[in-house]
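The structure appears right after this line, and notes come after that.
What follows is calculated from the coordinates using simple rules that are stated; it is not laboratory data. Here the structure is a predicted model, which means the values were calculated and not measured. Neighbour counts are summed over all protein chains in view; Cβ atoms, including those assigned to glycine, are modelled from backbone coordinates with ideal geometry.
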Amino acid sequence: MTGWRIGYVICPPELNVIVGRFLENYIGCPSSISDAAALVALKSEPLPDLVGQRELVHGWLERLGIPHTKSEGGIFIFPDFAEIMKKKGIANSVDLATYFLEEAGVATTPGVSFGEKYDAHLRISYCIETPKLALALEKLEKVIR
């Protein structure tokens with residue numbers, strides 16, 4: 001819950017202490033309103049199956065041979081689309097994100113937003129319902145092939 005000083009992190013066990021120290025200063029002392037809002041948010045909607053969704057995207061990328069590092073936490077994956085860009089004659093990640101949006105109706109974030117060296121990457125969020133995620137991957141695959 002961005003801005004409400006409430007949240008939680010799922011991370012590898014070896015990072016628990018480090019992440020805990022960092023978060024002490026960012027999510028400590030939430031207001032009673034934030035507490036109540038978080039309780040409603042957590043009780044009112046089922047939490048997404050992030051592990052299953054991550055595995056869906058990871059498997060899709062593996063099947064298509066798109067290089068990536070498997071996410072161990074969070075809601076994003078950051079694949080390298082250099083080969084696809086070359087095949088399609090697409091010059092940069094902004095153009096690729098635009099192509100995916102216009103041709104497949106799927107929004108991604110250009111990798112260049114995270115530094116010039118990532119201009120062949122896109123950030124893909126997998127934090128949506130599994131059926132919608134599967135449909136988005138199908139649409140992307142059609143325009144990639």
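For the chain, a simple Cβ point-charge model (Lys and Arg +1, Asp and Glu -1, everything else neutral) yields a dipole of about 140 debye relative to the Cα centre. Report summary: the helix-based calculation at 222 nm, which adds -39500 (n - 2.57) for every DSSP H run with n ≥ 4 and divides by the residues of the chain, gives -15000 deg cm²/dmol.
Taking label points 7 Å from Cα along the Cα-to-Cβ direction, Ile128 and Glu72 give a separation of 2.8 nm. Hey, in the GNM for the chain with a 10 angstrom Cα cutoff, which one of Leu122, Leu50, Leu42 fluctuates hardest? Evaluated over the chain, the most mobile residue of the options is Leu42.
Between Cys11 and Lys87, the modelled label-to-label distance comes to 3.7 nm, taking each label 7 Å out from Cα in the direction of the beta carbon.
Among Lys117, Lys88, the ranking by other beta carbons within 10 Å of each residue's beta carbon, starting with the fewest, stands as Lys117, Lys88. Taking the Cβ-Cβ separation of Asp49 and Lys117 as r and a Förster radius of 22 Å, what is the calculated FRET efficiency to the nearest 0.05? E(calc), rounded to 0.05, equals 0.10. For the chain, the relative contact order comes to 21 percent (Cα pairs under 8 Å, sequence separation of at least 6).
Think of the chain as a dipole: +1 on every Lys or Arg Cβ, -1 on every Asp or Glu Cβ, centred on the Cα centre; then among Val17, Leu42, Ile90, Ile90 lies furthest on the positive end. Cross-link check: pairs Lys86/Lys117; Lys117/Lys139; Lys87/Lys142; Lys70/Lys139 evaluated at a Cα-Cα cut-off of 20 Å; pairs beyond the cut-off: Lys117/Lys139; Lys70/Lys139.
Once you've got the GNM for the chain with C-alpha springs shorter than 10 Å, pick whichever of Pro67, Pro30, Pro13 has the biggest mean-square fluctuation. Answer for the Gaussian network model of the chain: Pro13. Exposure here means at most 13 other Cβ atoms within 10 Å; with GluC sites (Glu not before Pro) in a DSSP loop as sites, the longest stretch of the chain lacking them is 1-71.
Note on the chain: GNM, Cα springs under 10 Å; of Ala120, Ala41, Ala91, the largest mean-square fluctuation is that of Ala41. Each of His58, Gly74, Ser31 was placed along the dipole of the chain (beta-carbon charges, centred on the mean Cα), and the one lying farthest toward the positive end is His58.
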